[in-house]
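Chemist: Have a look at this one.
The values are calculated or read from the model by the stated rules, or taken from the named source; none is laboratory data. All values reported here derive from a predicted model rather than from experimental measurement. For neighbour counting, all protein chains shown are included, and Cβ atoms are generated from backbone atoms with ideal geometry for every residue, glycine included. Heavy atoms of the whole protein, side chains included, go into the accessibility calculation; ligands, DNA and RNA do not. Shrake-Rupley method; radii C 1.70, N 1.55, O 1.52, S 1.80 Å.
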Amino acid sequence: MKTDDIRKAFLDFFKSKGHEIIPSDSLVPKDDTTLLLTGAGMNQFKEKFLGRNITYRRAATCQKCLRTGDLENVGKTPGHHTFFEMLGNFSFGDYFKKEAIEWSWEFLTKNLKIKPQSLWASVYEGDAEAYNIWKGVIKIPKDKIIKFGAKENFWPSEAPTKGPNGPCGPCSEIFYDYGEGSIEVWNLVFTQFDRQPDGTLKPLPNKNIDTGMGLERLASVMQGVKTNFEIDIFRPIVEEIVKSSKFKAQSSKVNAIADHIRAVTFAIADGVMPSNEEQGYVVRKLIRRAMMHSQNIGIKESHLYKLVSVVTNVMCQPYPELKTIRDDIAQVVKREEENFLNVVETQLPKVEEAFKKIQKSSTDKELARLAFNFYDTYGMPYDMLKEIAAKLKLDIKKDEFENLLNKQRDLSRSKTKIKGEIFSQDFAKKVEALGLKTEFLGYESSRGEAKVLAVLDGGEVILDKTPFYGESGGQVGDWGKIETPSGTMEVEDAKKIGDTIVHIGKMLKGKILKGEVAKVSINEETRKKVMANHTATHLLQAALRKVLGEHVHQTGSLVDADHLRFDFTHMKKVEDREVARVEEIVNENIKKAVVVKKEIEDIEAAKRQGATALFGEKYDKRVRVVSIGDISKELCGGTHVDNTKDIVLFKIARESAIASGVRRIEALTGETAKEWMRKQEEAQSSKLKAQSEKEEKKKTSEKRLEEEIEKIDSIIARSKTIGNSKIVVEVIEDMDIEGLRALSDKIRQREKSAVVVLFTKTIDKASFIISVTEDLIKQNLNAAILAKDMAKLIDGSGGGKSTFAQGGGKAPSKLKDALKEIFNILKVRMK
């Protein structure tokens, strides 16, 4: 039975049992900062398990998961993976143990036709109910029902004695017996208790079911193979790697490469780009581990990017979106491979050299710190560093290295952590715990009446309905006012948390009380600017796809009243001519005055009609679709103008890179764009004017230099003499420093022994140069010292070399007295 057929059979089975079939969530959990990556099917149902936002009681999924906890075992064991698919059925206060056990048995033995004698079950030793269901209802022989303790059969493991406090419960696992050994196939978790601080297990009012079954592991059972790496969705990837390898045989390293490229492909598809931070670090680490494994099996060049198409081909039935961005993913992987190969080539000799220097004298901490510096600065993998160290009989202690890694991660998190409880996960949980729902009126109106449902400790207000858009989808929250008989609040922001919109601001008078009727109104001018920027973002994406190609996909955005920011996939800098063309297309579509339609549609129908969805975003079955003629069609819950002409003008202010394979465009619309362009023109005009004035001054200076050169005989004739040396001191009007220097050189060519001091001045500044011939330098006369002495006379500073120096001062009025004093200074210095 093919893996695709197993997946479909599972979902069809639970659909027949009244379950809502929910699409896989993104690998990047939305609105859950407690998780780096989605690691289980239940992650997207956390709120429902807590009794909040219950829109259905039964659900089934096939969830994409990514875990790195057992990374060292991936490829070495039959069933360890980083990326895998988890089949799961869930109940939120509906059915419980009997149905969960019966249906799991029915699916395995009736639908998949696995022989009952090949299966056995485990239960928690204190769970008599589950034991009796297996024994009395399913009729499994007693010797095939094994009782385990809380470590093996309780979730979380050992929760009764060790915690944590909160929802928990026993679990029952189903195993498949190969004859030579068994593998766990399905884990059924019965969440029935709430652990109290004193360790007691208090029964939950609503008992939940959370099950998980690894699709790849089940496929290995159904296809009669001993490892997951032999199943149909792995075999083509493995075979392609083996073709390129030196040894032409499957191995643990081949398996690990196959696993890692699947994980990388799906992570990038969900918008995770290789980087040194958070999820991006996981992707980079997996690519580099796969490259190291590749080198160990004789593949020295970039090749992982070629495997992306293989992964896409075997996984495109359940995940058709992979095909549309296959080439983008391959480009990201290829660039990462090339960067890493370059790092290895340039840094490997430096690592060896650095390790050799401390070979005899280093402590464990010093060696770990040195290794970590190469890891942190250049991305050299720990395994590669350890291997190099081992050749020199050095041992990088993993605990020391990981200690430095954890410190670095903590530092990184502290730099990016948003301050203030209003933005924290704790605050969101407090809001969600209230179970309040706010109806959004803002698509149709900008003002209205509402009831105050709650006033939080920080003064934040929750209403039963509101025209205020709560920040989401990249669009900022609205501004405006809330007025009640007892107080007035100036709303400075609104946040959408679940089904609740929280109004944040400051009190202008009195206080707002729960239960009051409020008059609410948004700042319409601000909203209009935000709407123009949001619609312009849609036009921008359409233009980018037209100019750069269909590979362009949104990875992030910010839309506020002042500007818009759009992040998108593209492997290289957008050329100036491309930026200009994108801008031109957007403005053409603004001038066409295209009607902007907003409609509620079935999500599958919208996608079939070509609606663009944001990768990784979670959508309901019914979605809001924003259409701009035949130019753009996107799934979007934001607010938009009614006609593109309302945008007025679009101007790109900046294009830049923000990550590998991700570019950013910042742009302006309407009057803001006009004002920015006016300031740019003024700046350009001022620049040209300054440049023109500079060129004019230079011409004047050159003309004056020519005039003075013609009068050089008279200048020398006016000079004084100290000993056998000429002392030339002159004030030259309308000449710059370069002109003074050129004139000084001409005088020195004529006089073998001379000190040349030339001044020029403006209304507020005097400048000078001093030049000394070689014979006087031998007599310890120094132009730099003279410059400092002379600069003091005009309230300035000076310096330079012994042969030539220059200076200036802010007191040109003192120049006349300074000229008299110069000769006296030279007489003293030239004694």
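Chemist: For Lys243, work out the one condition from (1) farther than 22 Å from Arg326 by Cβ; (2) without any contact (Cβ under 8 Å) to a residue 60 or more places away in the chain it doesn't fulfil.
Modeler: Only one criterion in (1) farther than 22 Å from Arg326 by Cβ; (2) without any contact (Cβ under 8 Å) to a residue 60 or more places away in the chain is unmet by Lys243, namely (1).
Chemist: Step by step: first the residues of the range 221-236, then only those that are assigned to a helix (DSSP H, G or I) and more than 21 Å from Leu307 (Cβ to Cβ), then the one that is most open to solvent (accessible area, probe 1.4 Å). Which residue is that? I'd like the intermediate steps shown before the answer.
Modeler: Within the range 221-236, the subset assigned to a helix (DSSP H, G or I) is 221-222, 228-230, 235-236.
Narrowing further to those that are more than 21 Å from Leu307 (Cβ to Cβ): 221-222.
Working: Val221: 17, Met222: 45 Å².
Only one residue fits best here, namely Met222.
Chemist: Being modelled with pLDDT under 85, within 22 Å of Lys697 (Cα to Cα) and surrounded by 14 or more Cβ atoms within 10 Å (Cβ to Cβ) is the requirement here; does Ile763 meet it?
Modeler: Working: modelled with pLDDT under 85: yes; within 22 Å of Lys697 (Cα to Cα): yes; surrounded by 14 or more Cβ atoms within 10 Å (Cβ to Cβ): no.
It is false that Ile763 is modelled with pLDDT under 85, within 22 Å of Lys697 (Cα to Cα) and surrounded by 14 or more Cβ atoms within 10 Å (Cβ to Cβ).
Chemist: Quick one: in the range 71-97, which of the residues that are closer than 17 Å to Ala267 by Cβ and either at pLDDT 95 or above or of a type outside the set (Ser, Thr, Tyr) (or both) is surrounded by the fewest Cβ atoms within 10 Å (Cβ to Cβ)?
Modeler: Just the residues of the range 71-97 that are closer than 17 Å to Ala267 by Cβ, to begin with: 71, 74, 81-86.
Filter once more, so that each one left must be either at pLDDT 95 or above or of a type outside the set (Ser, Thr, Tyr) (or both): 71, 74, 81, 83-86.
Numbers: Leu71: 17, Val74: 24, His81: 27, Phe83: 24, Phe84: 21, Glu85: 26, Met86: 23.
The extreme case among them is Leu71.
Chemist: What residue, among those in the range 548-565 that are open to solvent by less than 40 Å² (accessible area, probe 1.4 Å) and touching an Asp or Glu at 6+ places or on another chain (Cβ under 8 Å), is nearest to Glu321 (Cα to Cα)? Don't jump to the end; show me each part of the working.
Modeler: From the range 548-565, those open to solvent by less than 40 Å² (accessible area, probe 1.4 Å) are 548-549, 552-554, 556-557, 559-561, 564; that's our starting set.
So of that shortlist, the ones also touching an Asp or Glu at 6+ places or on another chain (Cβ under 8 Å) come out as 548, 553-554, 556-557, 564.
On the way: Leu548: 19, His553: 12, Gln554: 14, Gly556: 18, Ser557: 21, Leu564: 27 Å.
The selected residue is His553.
Chemist: Would you check if there is a residue in the range 380-389 being modelled with pLDDT of 85 or more, assigned to a helix (DSSP H, G or I) and either farther than 26 Å from Glu337 by Cα or open to solvent by 40 Å² or more (accessible area, probe 1.4 Å) (or both)?
Modeler: no
Chemist: Within the bounds of the range 15-36, is there any residue that is open to solvent by 70 Å² or more (accessible area, probe 1.4 Å), more than 25 Å from Thr227 (Cα to Cα) and not in a loop (DSSP other than H, G, I, E, B)?
Modeler: yes
Chemist: A further question follows. Can you tell which of Glu578, Glu604 is open to solvent by 20 Å² or more (accessible area, probe 1.4 Å), modelled with pLDDT under 85, out of contact with any Ser or Thr (no Cβ under 9 Å at 6 or more places or on another chain) and over 28 Å from Ser445 (Cβ atoms)? Talk me through it step by step, then tell me what you get.
Modeler: Details: Glu578 fails: modelled with pLDDT under 85.
None of the other options fit; the residue is Glu604.
Chemist: Same structure, new question: Does Val272 satisfy the criteria of being of a type in the set (Val, Ile, Thr), under 20 Å from His80 (Cα atoms) and either assigned to a loop (DSSP other than H, G, I, E, B) or in contact with a Ser or Thr (Cβ under 8 Å, 6 or more places away or on another chain) (or both)? Show your work before the answer.
Modeler: Numbers: of a type in the set (Val, Ile, Thr): yes; under 20 Å from His80 (Cα atoms): no; either assigned to a loop (DSSP other than H, G, I, E, B) or in contact with a Ser or Thr (Cβ under 8 Å, 6 or more places away or on another chain) (or both): yes.
It is false that Val272 is of a type in the set (Val, Ile, Thr), under 20 Å from His80 (Cα atoms) and either assigned to a loop (DSSP other than H, G, I, E, B) or in contact with a Ser or Thr (Cβ under 8 Å, 6 or more places away or on another chain) (or both).
Chemist: Taking the range 773-792 on its own, how many of its residues are open to solvent by 50 Å² or more (accessible area, probe 1.4 Å) and within 19 Å of Lys820 (Cβ to Cβ)?
Modeler: 2
Chemist: Let me ask something additional. Sort through Pro160, Pro167 and tell me the only one that's at negative phi, in a strand (DSSP E or B) and open to solvent by 10 Å² or more (accessible area, probe 1.4 Å).
Modeler: Working: Pro160 fails: in a strand (DSSP E or B).
Exactly one residue qualifies, and that residue is Pro167.
Chemist: Additional query: Which residues, taken from the range 812-831, are surrounded by 15 or more Cβ atoms within 10 Å (Cβ to Cβ) and under 21 Å from Ile763 (Cβ atoms)?
Modeler: Pro812, Lys814, Leu815, Ala818, Leu819
Chemist: Pairs, please: C-beta under 6 Å, at least 6 apart or cross-chain, first residue without any contact (Cβ under 8 Å) to a residue 60 or more places away in the chain and of a type outside the set (Gly, Ala, Ser) and in the range 568-588, second open to solvent by 30 Å² or more (accessible area, probe 1.4 Å) and assigned to a helix (DSSP H, G or I)?
Modeler: Partner pairs satisfying both residue conditions: Glu578/Val547; Arg581/Val547.
Chemist: So, in the range 56-70, of the ones that are of a type in the set (Lys, Arg) and under 32 Å from the mean Cα position of the chain (by Cα), which residue ends up least open to solvent (accessible area, probe 1.4 Å)? Spell out how you get there, then give the answer.
Modeler: From the range 56-70, those of a type in the set (Lys, Arg) are 57-58, 64, 67; that's our starting set.
With under 32 Å from the mean Cα position of the chain (by Cα) added as a condition, the list becomes 64, 67.
Details: Lys64: 13, Arg67: 112 Å².
Filtering the range 56-70 for residues that are of a type in the set (Lys, Arg) and under 32 Å from the mean Cα position of the chain (by Cα), the one least open to solvent (accessible area, probe 1.4 Å) comes out as Lys64.
Chemist: Out of Lys113, Lys98, report the one residue that is under 15 Å from Val185 (Cα atoms) and free of Cβ contacts under 8 Å to residues at least 40 places away in the same chain. Spell out the reasoning first.
Modeler: Numbers: Lys98 fails: under 15 Å from Val185 (Cα atoms).
None of the other options fit; the residue is Lys113.
Chemist: While we're here: Checking the structure you have, find out if any residue of the range 102-121 is closer than 27 Å to Gln279 by Cβ and either more than 27 Å from the chain's Cα centre (by Cα) or charged (D, E, K, R) (or both). Please lay out each step first, then the result.
Modeler: Initially, the range 102-121 is screened for residues closer than 27 Å to Gln279 by Cβ, giving none.
There is no residue in the range 102-121 that is closer than 27 Å to Gln279 by Cβ and either more than 27 Å from the chain's Cα centre (by Cα) or charged (D, E, K, R) (or both).
Chemist: Condition check: of a type in the set (S, T, N, Q) and out of contact with any strand residue (DSSP E or B) (no Cβ under 6 Å at 6 or more places or on another chain). Does Ser251 satisfy that? Write out each step before concluding.
Modeler: Working: of a type in the set (S, T, N, Q): yes; out of contact with any strand residue (DSSP E or B) (no Cβ under 6 Å at 6 or more places or on another chain): yes.
It is true that Ser251 is of a type in the set (S, T, N, Q) and out of contact with any strand residue (DSSP E or B) (no Cβ under 6 Å at 6 or more places or on another chain).
Chemist: Just checking, how many residues over the range 306-363 are open to solvent by 70 Å² or more (accessible area, probe 1.4 Å), in contact with a His (Cβ under 9 Å, 6 or more places away or on another chain) and assigned to a loop (DSSP other than H, G, I, E, B)?
Modeler: Of the residues in that region, 0 qualify.
Chemist: Go through the range 67-121 and report how many residues are over 23 Å from Ser16 (Cβ atoms), part of a strand (DSSP E or B) and in contact with a His (Cβ under 9 Å, 6 or more places away or on another chain).
Modeler: Number of matching residues: 1.
Chemist: I'm trying to understand the selection: among the residues of the range 484-538, which are among the hydroxyl-bearing types (Ser, Thr, Tyr), under 20 Å from Val559 (Cβ atoms) and within 27 Å of the chain's Cα centre (by Cα)? Write out each step before concluding.
Modeler: Taking the range 484-538 as the starting set, the residues that turn out to be among the hydroxyl-bearing types (Ser, Thr, Tyr) are 484, 486, 488, 500, 521, 526, 535, 537.
Add one more test, that the residue is under 20 Å from Val559 (Cβ atoms), and what stays is 526, 535, 537.
Scanning the range 484-538 gives Thr535, Thr537.
Chemist: Which of the residues belonging to the range 141-156 are open to solvent by 60 Å² or more (accessible area, probe 1.4 Å) and either part of a loop (DSSP other than H, G, I, E, B) or modelled with pLDDT under 90 (or both)? Explain how you work it out, then say what you get.
Modeler: Within the range 141-156, the subset open to solvent by 60 Å² or more (accessible area, probe 1.4 Å) is 141-143, 147-148, 151-152, 155.
The answer is Pro141, Trp155.
Chemist: Another question, then. Name the strands (runs of 3 or more DSSP E) wholly within the range 637-744 that hold at least 3 residues that are buried (at least 17 other Cβ atoms within 10 Å of the Cβ)? Step through it out loud before you land on a result.
Modeler: Numbers: elements: 650-659, 662-669, 720-722, 725-731.
Once the strands (runs of 3 or more DSSP E) in the range 637-744 are filtered for at least 3 residues that are buried (at least 17 other Cβ atoms within 10 Å of the Cβ), what remains is 650-659, 662-669, 725-731.
Chemist: Then there is this: Name the single residue that is surrounded by the fewest Cβ atoms within 10 Å (Cβ to Cβ) among those in the range 237-254 being of a type in the set (A, V, I, L, M, F, W, C) and in contact with a Gly (Cβ under 8 Å, 6 or more places away or on another chain). Step through it out loud before you land on a result.
Modeler: Step one: filter the range 237-254 for residues of a type in the set (A, V, I, L, M, F, W, C), giving 237-238, 241-242, 247, 249, 254.
Imposing the further condition that a residue be in contact with a Gly (Cβ under 8 Å, 6 or more places away or on another chain) reduces the set to 247, 254.
Values: Phe247: 12, Val254: 24.
So, considering only residues that are of a type in the set (A, V, I, L, M, F, W, C) and in contact with a Gly (Cβ under 8 Å, 6 or more places away or on another chain), the one surrounded by the fewest Cβ atoms within 10 Å (Cβ to Cβ) is Phe247.
Chemist: Give me the strands (runs of 3 or more DSSP E) completely within the range 458-521, filtered to those with at least 2 residues that are charged (D, E, K, R), open to solvent by 10 Å² or more (accessible area, probe 1.4 Å) and at pLDDT 90 or above, ordered by residue number. Don't jump to the end; show me each part of the working.
Modeler: Numbers: elements: 461-463, 480-484, 487-497, 500-510.
The qualifying strands (runs of 3 or more DSSP E) are 480-484, 487-497, 500-510.
Chemist: Another question, if that's okay. If a residue has to be of a type outside the set (A, V, I, L, M, F, W, C), under 15 Å from Glu730 (Cα atoms) and assigned to a helix (DSSP H, G or I) to count, how many in the range 772-813 make the cut?
Modeler: Count: 1.
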